[in-house]
1. Among the candidates 244, 225, which residue alone is of a type in the set (Gly, Ala, Ser) and either closer than 20 Å to residue 300 by Cβ or in a loop (DSSP other than H, G, I, E, B) (or both)?
2. If only one of 178, 143 is at pLDDT 95 or above and loosely packed, with under 13 Cβ neighbours inside 10 Å, which one is it?
3. Would you confirm, using the coordinates I've provided, whether residue 237 is small (Gly, Ala, Ser), in a loop (DSSP other than H, G, I, E, B) and in contact with a Lys or Arg (Cβ under 6 Å, 6 or more places away or on another chain)?
4. Within the bounds of the range 160-174, is there any residue that is within 19 Å of the chain's Cα centre (by Cα), assigned to a loop (DSSP other than H, G, I, E, B) and of a type outside the set (A, V, I, L, M)?
5. Of the residues 272, 318, only one is modelled with pLDDT of 95 or more, buried (at least 19 other Cβ atoms within 10 Å of the Cβ) and part of a helix (DSSP H, G or I); which?
6. Filter the range 143-157 down to the residues that are in contact (Cβ under 8 Å) with a residue 40 or more places away in the chain and not in a loop (DSSP other than H, G, I, E, B) and list them by number.
7. With 286, 282 as the choices, which residue is of a type in the set (Lys, Arg) and either in a helix (DSSP H, G or I) or in contact with a Cys (Cβ under 6 Å, 6 or more places away or on another chain) (or both)?
Amino acid sequence: MGSLKPPSLSRRGFCVCCIGGTFTAATGWLTPRQAFAEARGLVSLIKDSAATSPITTHKLRNNVSILEGSGGNIAVLTGPDGKLLVDAGIGVSRPRLSKAIAELGSEPVAHLINTHWHFDHADGNEWLHAAGAQIIAHENTRKHLSGIQRVEDWDYNFLASPADAIPAEVFAGEHSLKLNGESIALKYYGPAHTDGDVSVTFTEANILHAGDTYWNGIYPFIDYSTGGSIDGMISASDANLAASKSDTIIIPGHGRPVSNKAELQEFRDMLVAIRDNVGNLKKQGKTRDEVVAAKPTAAFDAKWGQFVIDPGFFTRLVYEGV
């Protein structure tokens with residue numbers, strides 16, 4: 001795909017866009033191109049920020065909690081069978097993440113599920129495996145972690161992960177676990193945010209971790225480099241809605257970490273409306289820049305466009321897939 005050019009944003013906002021931090025304006029504005037030149041690239045900036053970002057714990061129900069502050073939102077299930085984590089965060093967060101995990105109970109880490117391959121969700125795989133975690137993921141996630149992957153919109157080539165960071169247990173469609181009194185269901189979405197996204201449902205607790213198929217209150221990133229698409233994101237939202245009840249707690253990959261079906265429905269409807277707006281303009285023969293100039297996201301920008309992926313950047317992502 002062609003190179004997408006994200007908007008200018010503050011140094012702090014640029015660093016934390018993928019690690020769940022709160023956007024804070026700071027002095028000195030950088031475009032992504034300037035940031036790449038000044039530092040070591042977007043991924044290194046995010047890792048630098050994760051090295052000092054605090055970890056915030058949100059306790060939910062049935063011994064399920066969320067750890068916010070290292071990459072995507074991490075779910076933790078505690079109990080006598082050992083801790084299960086959904087996503088691993090960024091490796092440099094290990095000191096603070098280890099402390100937060102330990103504060104949830106004395107049980108060892110026994111299982112880790114990767115919702116997809118992106119570094120802000122799987123970079124901590126190696127140390128968590130060393131701590132005792134058996135890593136479970138979709139087969140495409142293992143494929144991406146096992147070889148070099150380029151994400152064009154991050155201008156970055158990811159090297160193959162170390163052997164101990166590669167998921168040992170993979171599945172194609174569905175997988176289930178029974179741990180700590182919870183029935184845990186993993187289900188492959190099909191291509192969505194990437195081509196390896198899975199949902200994780202804690203059945204008895206009535207909690208759904210949607211990974212990066214859901215960004216709560218902000219426009220999402222879609223990784224076309226490894227199989228993502230706007231239509232796939234919408235299909236994943238439909239699957240999440242079908243799997244949820246009015247009182248289901250929904251954990252998004254990014255954004256406010258505790259959500260619900262009503263907020264998810266709003267996210268899905270936003271995706272559909274913008275997809276249709278952009279698609280109609282593209283069918284008229286408008287170029288990508290002309291579509292951006294037409295502001296097809298305008299009705300949603302006040303709510304969804306106030307973070308790192310601004311209206312223009314999200315329009316370009318959608319244009320690529322319609």
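1. Values: 225 fails: either closer than 20 Å to residue 300 by Cβ or in a loop (DSSP other than H, G, I, E, B) (or both).
It is 244.
2. Numbers: 143 fails: loosely packed, with under 13 Cβ neighbours inside 10 Å.
That would be 178, the only listed residue that is at pLDDT 95 or above and loosely packed, with under 13 Cβ neighbours inside 10 Å.
3. Values: small (Gly, Ala, Ser): yes; in a loop (DSSP other than H, G, I, E, B): no; in contact with a Lys or Arg (Cβ under 6 Å, 6 or more places away or on another chain): yes.
Here the answer is no, as residue 237 does not meet what is asked.
4. Yes; the residues of the range 160-174 include at least one that is within 19 Å of the chain's Cα centre (by Cα), assigned to a loop (DSSP other than H, G, I, E, B) and of a type outside the set (A, V, I, L, M).
5. Numbers: 272 fails: buried (at least 19 other Cβ atoms within 10 Å of the Cβ).
After ruling out the rest, the residue left standing is 318.
6. In the first step, residues of the range 143-157 are kept if they are in contact (Cβ under 8 Å) with a residue 40 or more places away in the chain; the result is 143-144, 149-156.
Across the range 143-157, the qualifying residues are 143, 144, 149, 150, 151, 152, 153, 154, 156.
7. Numbers: 286 fails: either in a helix (DSSP H, G or I) or in contact with a Cys (Cβ under 6 Å, 6 or more places away or on another chain) (or both).
The match here is 282.
Residues are listed down the side, and each one gets a yes or a no for (1) touching a residue at least 24 places away in the same chain (Cβ under 8 Å); (2) more than 13 Å from residue 193 (Cβ to Cβ); (3) over 14 Å from the mean Cα position of the chain (by Cα):
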residue	(1), (2), (3)
218	yes, yes, no
240	yes, no, yes
243	yes, yes, yes
252	yes, no, no
271	yes, no, yes
283	no, yes, yes
299	yes, yes, yes
312	yes, yes, yes
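The values are calculated or read from the model by the stated rules, or taken from the named source; none is laboratory data. Remember, predicted model here, so these are calculated numbers, not experimental data. Don't worry about glycine lacking a Cβ; one is built from the backbone with ideal geometry, like all the others, and counts go over all protein chains shown.
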